[in-house]
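What follows is a set of notes on a single structure, which appears directly below.
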Amino acid sequence: MRRPTLHAVAARAGVSKSSVSRVINGEPTVAPAIRETVMAAVAELGYVPNGAARNLVTQRTNTIAIIVSDPPAGLVSDDPMFAMVVRAASRELERAGKQVSLVLAGSDESRLRVEQYLAAGHVDGAILVSMDGADPLPAVLSRTGLPIVSHGRLATPGLMPWVDNDNHGGATQAVQHLLDQGRRRIATISGPLDMTAAQERLAAYRDTLKDTGRRSIIALGDFTRISGADSMRQLLDDDPDLDAVFAANDLMAIGALRTLRQAGRRVPDDVAVIGFDDIEAALYTAPA
């Protein structure tokens, strides 16, 4: 069967096509009686608005791109935090009646394609999910003129609006908690220092210990489980008497727990461990 047209709805309702169009587009200037008549005709005929035609008129696609900038090592795609971000953003956008387009960018070629895709008008805006402070994608996307917001504070200020955790405040609470528990030799496993989140969490660790006169004990990780395990091994070799560790994310805390278990250290009796992010996997470690 042929698809019902706007003209057919107007004929059935006994009104003009422009009146039907105003009702379909939700304009408030239509009289309630006309709106009711038009909607009855829409339901009777099974009319479905032509999305492509409407987009041409409104210059809107009702689509938002979620762009995940994945560095070559796969850090973003391997981190469950990013799956949580994409899931939550998609849920809110769908609740607002928007379509979601998931776009991955991890190379110069893919970054160029993403820029061309956005500039061609396929989406109304974008959410950028990126961790790498040296990532060139924010500067590339800022040239498109589209509304774009970054998940995470950018290393280069002013490129686009951003939203982030309170990394400094959260890390301060974590280290203060260890101090309140009476821990005296508190180490940290930092994330990679070209990432703003890692920089802020490390600064909070240093600031909090500095106020107590304690020295910083630092190992550099890269936000992965294996780096957490290796860093914990390094910390134990350098300072066998340490009694607490703040890992800058939960994946590294999980790796640290494995090394401590292998070394015969009880958690939290001998060494207290605290992470950052509250990922689901943290529920299933021993101890949780």
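The values are calculated or read from the model by the stated rules, or taken from the named source; none is laboratory data. Note that the structure is a prediction, hence the values are computed from the model and not measured. Note that each Cβ is placed from the backbone with ideal geometry, even for glycine, and that neighbours are counted across all protein chains shown. These accessible areas exclude ligands, DNA and RNA; they are computed on the full protein's heavy atoms, side chains included. Shrake-Rupley method; radii C 1.70, N 1.55, O 1.52, S 1.80 Å.
Of all the listed residues (ASP108, ASP70), the sole one being modelled with pLDDT under 80 and more than 19 Å from PHE223 (Cβ to Cβ) is ASP108. Residues in the stretch 170-196 that are touching a residue at least 12 places away in the same chain (Cβ under 8 Å), part of a helix (DSSP H, G or I) and open to solvent by 20 Å² or more (accessible area, probe 1.4 Å): GLY170, THR172, GLN176, HIS177, LEU179.
Residue pairs whose Cβ atoms lie under 6 Å apart, separated by 6 or more positions or on different chains, with the first residue in the stretch 22-51 and closer than 21 Å to ASN62 by Cβ and the second crowded, with 16+ Cβ neighbours inside 10 Å, are ARG22/VAL30; VAL23/VAL30; VAL23/ARG35; VAL23/VAL38; VAL42/VAL9; TYR47/PRO4; TYR47/VAL9; PRO49/ILE24.
With the requirement that a residue be of a type in the set (Val, Ile, Thr) and under 27 Å from the mean Cα position of the chain (by Cα), what does the stretch 263-288 give you?
First, the residues of the stretch 263-288 that are of a type in the set (Val, Ile, Thr): 267, 271, 273-274, 279, 285.
Of everything in the stretch 263-288, those that are of a type in the set (Val, Ile, Thr) and under 27 Å from the mean Cα position of the chain (by Cα) turn out to be VAL273, ILE274, ILE279, THR285.
Just a yes or no: is a residue in the stretch 233-244 in contact with a helix residue (DSSP H, G or I) (Cβ under 7 Å, 6 or more places away or on another chain) and closer than 25 Å to ASP166 by Cβ? Checked against the condition, which is being in contact with a helix residue (DSSP H, G or I) (Cβ under 7 Å, 6 or more places away or on another chain) and closer than 25 Å to ASP166 by Cβ, the stretch 233-244 yields at least one hit. In this structure, ASP230 does not satisfy being in a helix (DSSP H, G or I), open to solvent by 40 Å² or more (accessible area, probe 1.4 Å), free of Cβ contacts under 8 Å to residues at least 60 places away in the same chain and closer than 22 Å to ASN167 by Cβ. Taken together, LEU220, LEU202 contain a single residue that is open to solvent by 10 Å² or more (accessible area, probe 1.4 Å) and either under 20 Å from GLN173 (Cβ atoms) or not assigned by the TED database to the domain that holds ASP277 (or both), which is LEU202.
Criterion applied to VAL23, VAL38 was being open to solvent by less than 60 Å² (accessible area, probe 1.4 Å) and at pLDDT 85 or above, and the one residue passing it is VAL38. The residue pairs whose first member lies in the stretch 149-168 and is modelled with pLDDT of 85 or more, whose second member is in a loop (DSSP other than H, G, I, E, B) and of a type in the set (Phe, Trp, Tyr), and whose beta carbons are closer than 9 Å, counting only pairs six or more residues apart or on different chains, are ASN165/PHE276; ASN167/PHE276.
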